[in-house]
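Peer 1: Here you go, one structure.
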Amino acid sequence: MWSYLVKRLIQMPLVLLVVTITIFLIIRFTPGDPVQIMLGMQTSPEAEAALRAEFRLDQPWHMQYLLWVGDLLQGDFGRSIRMNTPVLQLLADRLPISLALALSAMIFAVVVSIPLGLIAALKRNTWIDYLATGYTLFGFAVPNFALAMILIYVFSITLSWFPITGIGSGASTAPGLWGVVQPYVLPAVALGTLQTAIFTRLLRSSMIDVLGQDYMRTANAKGLQPLTILLVHALKNAMIPFVTMLAIQFGYLIGIQVTIEHIFAIPGMGSAILSAVVNRDFPVIQGFVLVIAAFFMLANIIADILYGIIDPRIRY
Amino acid sequence: MPLLTVKNLRTRFSTDRGTVRAVDGVSFELEEGEVMGLVGESGSGKSITAMSIMRLIKEPPGRIEADEITFDGVDLLALTPAQLRDYRARHISMIFQDPMRSLNPVLTIGRQLMETLQRHLRMSARDARRRSIELLEVVGIPRAEKRLDEYPHQFSGGMRQRVMIAIALSCNPRLLIADEATTALDVTIQAQIIDLIRRLRSEMGTAVIWISHDLGLVAGLCDKVSVMYAGRIVESGPVREVFYRPAHGYTLGLMNCTPRVDDIGHRLRPIEGMPPNLAEPMPLCPFLPRCEMAVAACRESKPRLETIAEGHVASCHANLSAYWRKEKVA
């Protein structure tokens with residue numbers, strides 16, 4: 001276990017190195033010049049040259065890459081061309097918000113999908129199962145931005161139950177803990193609905209598989225109580241693929257918040273990347289994508305560890 | 001009074017291709033401490049018979065009917081699901097065919113043993129653990145205390161079957177149903193398991209229904225045997241009676257395809273053809289299309305169970321006495 005973990009953690013910087021090369025090349029070889037966008041067409045060549053020199057954009061691209069990686073190794077993510085603030089400062093502001101949003105979407109997905117998946121598997125091929133399947137189809141099909149619009153219209157504008165914005169603004173619309181949680185509800189539902197569908201389908205199919213196993217017949221032949229059979233004998237087995245998917249999807253959720261953050265005006269990583277791409281703010285794009293990639297990899301390592309913990313047959 | 005009485009058990013399954021009569025009118029009695037063999041090909045209804053007694057068949061698609069299933073004076077058919085759960089493993093235990101897949105892979109052996117004790121005998125965790133160690137020792141698992149905390153995948157097939165037996169015996173049941181319990185095991189392990197079953201039967205007086213397609217094993221272990229074909233018992237009686245003086249074409253056919261170690265060069269004679277489709281009605285003997293002993297009467301009427309000798313019944317029109325052993329049946 002530990003040696004496996006160490007091996008995975010050693011691999012991580014190597015993969016991240018490949019990630020840096022990929023991000024760097026994609027950004028540099030797509031059209032768009034940050035200096036031009038920032039200063040506009042009507043500018044003096046001197047000002048332009050000064051800006052280029054400041055952000056080392058006058059160097060050949062391979063030198064730019066090496067200098068960037070060299071800085072990274074010293075913990076320096078560079079500065080935003082557009083805002084002139086350190087990228088690390090931006091990350092410190094925005095990463096917690098993105099993590100909180102991903103976590104709330106995840107909680108929503110788990111709370112919905114475990115009962116739904118269980119009931120669908122137990123009531124297989126009945127109207128309850130078909131209803132659950134209908135819900136998951138909806139979850140797979142509806143784009144999260146469209147769902148976000150509907151949620152805002154119904155729950156914010158019509159019913160006034162939830163605020164439209166408010167995450168990261170410091171202002172809360174309700175007292176106490178609810179004031180902290182409330183603004184997250186609609187974005188979490190909009191962001192996590194796809195995951196509820198993924199998890200429900202996964203749990204339903206793994207549960208159906210488990211229910212047909214010989215050891216379930218043994219559990220019945222022992223005369224155990226139905227709830228014990230379901231929760232201990234069946235669910236523990238069915239959770240193995242579920243938990244793995246959970247960790248992977250969490251890593252994924254951090255990277256796909258762009259549209260949701262835009263709609264709900266959330267100052268997270270997604271909206272920062274979006275404006276950085278529009279402005280060709282190279283250091284910001286590079287730094288943020290690198291961090292998202294690192295989180296994705298961490299989530300995968302955690303998935304593997306969890307896999308080993310719940311399934312005693314897995315030994316690393 | 002017999003320990004178990006089964007009268008006219010009928011188990012059916014609704015499928016897309018009609019109703020399959022998996023068990024069609026099975027009756028037998030089992031005395032306290034008696035060992036009964038249930039033999040027949042795959043699909044003859046042996047396992048379904050066993051699972052019907054414990055009502056482990058999923059209903060629907062299955063449907064269990066019987067004139068009577070009485071265990072120790074209690075009508076099992078009248079029990080509610082909750083009452084039935086109190087009987088399972090407590091009074092009637094079952095061992096299944098595939099030990100590799102009959103234990104839960106994510107729970108420790110100890111947990112799987114202890115939960116039965118805690119459920120039925122209301123033991124504390126500590127008592128259940130102590131008893132579990134004893135049970136593992138009884139079934140011959142060395143270093144029982146340590147192995148209790150291991151998972152099924154750390155056990156070999158034979159060891160897992162021992163664990164299954166330990167679980168099945170944990171509450172001292174009065175009836176043990178073993179469904180092909182040794183089929184998946186090496187012969188040496190098989191012999192040890194048989195020995196274990198024999199010992200338990202003599203020490204605890206447990207009655208056993210031993211389901212197998214291994215006639216040799218049944219001959220060595222059981223007091224009496226029932227031969228099943230197409231969902232019915234076609235012949236039954238004391239082991240020596242049935243195997244020395246078989247009275248049904250199918251029993252004889254089965255014996256002819258059983259190899260004997262001391263008969264080198266002897267050609268086995270397979271039973272040609274396939275078992276019948278159980279979804280179709282059978283107005284004649286279901287074995288007729290495959291029977292080498294068939295006589296004219298077989299094409300006219302369905303034979304009924306008739307008494308051949310004391311306790312020995314068979315449903316066959318043909319006279320097979322030419323194939324009987326000459327020695328006196330003890």
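The values are calculated or read from the model by the stated rules, or taken from the named source; none is laboratory data. The model shown is predicted, which means the values in this text are computed figures rather than measured ones. No Cβ is skipped: glycine too gets one built from the backbone with ideal geometry, and neighbour counts run over all protein chains shown.
Peer 1: Identify, please: which residue in the range B:60-74 is loosely packed, with under 14 Cβ neighbours inside 10 Å and within 20 Å of B:G33 (Cα to Cα) and is, among those, farthest from the other protein chains (Cβ to nearest Cβ)?
Peer 2: B:G73
Peer 1: Quick check on B:C316: is it within 15 Å of B:G237 (Cα to Cα), surrounded by 12 or more Cβ atoms within 10 Å (Cβ to Cβ) and at pLDDT 80 or above? Before the answer, list the steps.
Peer 2: Values: within 15 Å of B:G237 (Cα to Cα): yes; surrounded by 12 or more Cβ atoms within 10 Å (Cβ to Cβ): yes; at pLDDT 80 or above: yes.
Judged against the criteria, B:C316 is a match.
Peer 1: I would also like to ask the following. Taking the condition of being closer than 14 Å to B:A166 by Cα and either out of contact with any Pro (no Cβ under 8 Å at 6 or more places or on another chain) or within 8 Å of chain A (Cβ to nearest Cβ) (or both), how many residues in the range B:85-105 meet it?
Peer 2: 9
Conditions (1) surrounded by 12 or more Cβ atoms within 10 Å (Cβ to Cβ); (2) among the acidic types (D, E); (3) part of a loop (DSSP other than H, G, I, E, B), marked per residue:
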residue: B:L268; (1), (2), (3): no, no, yes
residue: B:G273; (1), (2), (3): no, no, yes
residue: B:A279; (1), (2), (3): yes, no, yes
residue: B:P286; (1), (2), (3): yes, no, yes
residue: B:P289; (1), (2), (3): yes, no, no
residue: B:M293; (1), (2), (3): yes, no, yes
residue: B:C298; (1), (2), (3): yes, no, no
residue: B:S301; (1), (2), (3): no, no, yes
residue: B:T307; (1), (2), (3): no, no, no
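Peer 1: Can you report the number of residues in the range B:209-230 which are farther than 16 Å from B:I197 by Cα, buried (at least 20 other Cβ atoms within 10 Å of the Cβ) and under 11 Å from the mean Cα position of the chain (by Cα)?
Peer 2: Total satisfying the criteria: 4.
Peer 1: Only one of A:A272, A:A265, A:A197 is surrounded by fewer than 18 Cβ atoms within 10 Å (Cβ to Cβ) and either farther than 30 Å from B:L117 by Cβ or within 14 Å of the chain's Cα centre (by Cα) (or both). Can you tell me which?
Peer 2: Numbers: A:A272 fails: surrounded by fewer than 18 Cβ atoms within 10 Å (Cβ to Cβ); A:A197 fails: surrounded by fewer than 18 Cβ atoms within 10 Å (Cβ to Cβ).
Matching residue, one of A:A272, A:A265, A:A197: A:A265.
Peer 1: Of these, B:A178, B:A82, B:A128, which one is within 11 Å of chain A (Cβ to nearest Cβ) and of a type in the set (A, V, I, L, M, F, W, C)? First the steps, then the outcome.
Peer 2: Values: B:A178 fails: within 11 Å of chain A (Cβ to nearest Cβ); B:A128 fails: within 11 Å of chain A (Cβ to nearest Cβ).
None of the others qualify; the one that does is B:A82.
Residues are listed down the side, and each one gets a yes or a no for (1) at pLDDT 80 or above; (2) closer than 15 Å to A:P283 by Cβ:
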| residue | (1), (2) |
| --- | --- |
| A:D33 | no, yes |
| A:E48 | no, no |
| A:V69 | yes, yes |
| A:D76 | yes, yes |
| A:R79 | yes, yes |
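Peer 1: Something else: Is it the case that B:A166 is closer than 28 Å to B:L117 by Cβ, at pLDDT 85 or above and part of a helix (DSSP H, G or I)? Walk me through it before giving the result.
Peer 2: Values: closer than 28 Å to B:L117 by Cβ: yes; at pLDDT 85 or above: yes; part of a helix (DSSP H, G or I): yes.
So B:A166 passes the test.
Peer 1: Still on this structure: Does B:T108 satisfy the condition of being within 14 Å of chain A (Cβ to nearest Cβ), of a type in the set (S, T, Y) and surrounded by 22 or more Cβ atoms within 10 Å (Cβ to Cβ)? Explain how you work it out, then say what you get.
Peer 2: Details: within 14 Å of chain A (Cβ to nearest Cβ): yes; of a type in the set (S, T, Y): yes; surrounded by 22 or more Cβ atoms within 10 Å (Cβ to Cβ): no.
Against the criterion (within 14 Å of chain A (Cβ to nearest Cβ), of a type in the set (S, T, Y) and surrounded by 22 or more Cβ atoms within 10 Å (Cβ to Cβ)), B:T108 does not qualify.
Peer 1: In the range B:122-145, which residues are acidic (D, E) and within 30 Å of the chain's Cα centre (by Cα)? Talk me through it step by step, then tell me what you get.
Peer 2: Our first condition is that a residue be acidic (D, E); within the range B:122-145, this holds for B:127, B:134, B:137, B:145.
Passing the criteria: B:E134, B:E137.
Matching residues to (1) among the basic types (K, R); (2) in contact (Cβ under 8 Å) with a residue 60 or more places away in the chain:
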| position | (1), (2) |
| --- | --- |
| B:A50 | no, yes |
| B:P61 | no, no |
| B:R90 | yes, yes |
| B:P99 | no, yes |
| B:L103 | no, yes |
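Peer 1: Another question about this same structure. Would you check if A:A197 is modelled with pLDDT of 90 or more and away from chain B (no Cβ under 14 Å)? Can you show your working first?
Peer 2: Values: modelled with pLDDT of 90 or more: yes; away from chain B (no Cβ under 14 Å): yes.
Spelling it out, A:A197 is indeed modelled with pLDDT of 90 or more and away from chain B (no Cβ under 14 Å).
Peer 1: Run A:P115 past the list (1) at pLDDT 85 or above; (2) over 30 Å from A:I208 (Cα atoms) and report the number of the one that doesn't hold.
Peer 2: Here A:P115 clears every test but (2).
Peer 1: Can I ask one more? Which residue pairs have Cβ atoms closer than 8 Å, lie 6 or more positions apart in sequence or on different chains, and pair a first residue in the range A:260-271 that is in the same structural domain as A:L99 (by TED's automatic domain parsing) with a second residue that is among the aromatic types (F, W, Y) and surrounded by 24 or more Cβ atoms within 10 Å (Cβ to Cβ)?
Peer 2: Within 8 Å, the pairs are A:M269/A:F288.
Peer 1: Would you mind finding the one in A:Y130, A:Y65 that is aromatic (F, W, Y) and either buried (at least 17 other Cβ atoms within 10 Å of the Cβ) or touching a Ser or Thr at 6+ places or on another chain (Cβ under 8 Å) (or both)? It would help to see each step written out before you state the result.
Peer 2: Values: A:Y130 fails: either buried (at least 17 other Cβ atoms within 10 Å of the Cβ) or touching a Ser or Thr at 6+ places or on another chain (Cβ under 8 Å) (or both).
When all the criteria are applied, what remains is A:Y65.
Peer 1: Working only within the range A:108-166, note down all residues that are in a helix (DSSP H, G or I) and either at positive phi or of a type in the set (F, W, Y) (or both). Break it down into steps so the answer makes sense when it comes.
Peer 2: Within the range A:108-166, the subset in a helix (DSSP H, G or I) is A:108-122, A:127-141, A:144-158.
Answer for the range A:108-166, where residues must be in a helix (DSSP H, G or I) and either at positive phi or of a type in the set (F, W, Y) (or both): A:F108, A:W127, A:Y130, A:Y135, A:F138, A:F140, A:F145, A:Y153, A:F155.
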